Amino acid sequence: MAIAEAFVAQGCAVAVSDVDGSEATTVADRLDSSGTKSIPLELDVTSTASADAAVSATVAKFGRLDALVNVAGTINPQPSHEIPDADWSALLAVHLDGTFRCSRAAYPALVESDTAAIVSISSVAAKMRRKW
């Protein structure tokens, strides 16, 4: 939410997305109760159709897209040698594939902007230390 708040404080409009649409709505309402500077979007980054729809809805609402912030993430607290293949694939689907899908979906709109930017944020989980 802090990233969206920073954009709004600078006068930007924001699309707030979450795999949980009600959470996106809660955050968007906190940022802008009038609905003129924010739009809540349910977005499953593991789905190309969902990423495409989110970008389309954003451009339809605001007329353009100047920045994309990839911040979706999940964590599996298991030691790596215990993570089943299906769980590993699920992690990659969000962290790597999701970033790619959203960036790819945003590209056509971003190339129209003079100030286009893509920011991809990693997790603090990389700093976690655990003795196995």
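Coordinate-derived values only; no laboratory data. Remember, it's a predicted structure, so these values are computed and weren't measured experimentally. Backbone-built Cβ (ideal geometry, glycine too); neighbour counts: all protein chains shown.
Worth pointing out:
- The number of residues in the stretch 4-50 that are among the hydroxyl-bearing types (Ser, Thr, Tyr) and out of contact with any helix residue (DSSP H, G or I) (no Cβ under 7 Å at 6 or more places or on another chain) comes to 8.
- Taking every residue in the stretch 57-77 that is of a type in the set (Val, Ile, Thr) and pairing it with any residue that is surrounded by 15 or more Cβ atoms within 10 Å (Cβ to Cβ) and assigned to a loop (DSSP other than H, G, I, E, B), at least 6 positions away or on another chain, the pairs with Cβ-Cβ distances below 6 Å are Thr58/Leu65; Val59/Leu65.
- Subset of the stretch 40-80 (residues that are under 14 Å from the mean Cα position of the chain (by Cα), part of a loop (DSSP other than H, G, I, E, B) and polar (S, T, N, Q)): Thr46, Ser47, Thr74
- Among residues of the stretch 87-121 being crowded, with 17+ Cβ neighbours inside 10 Å and of a type in the set (Gly, Ala, Ser), the one that is nearest to Thr46 (Cα to Cα) is Gly98.
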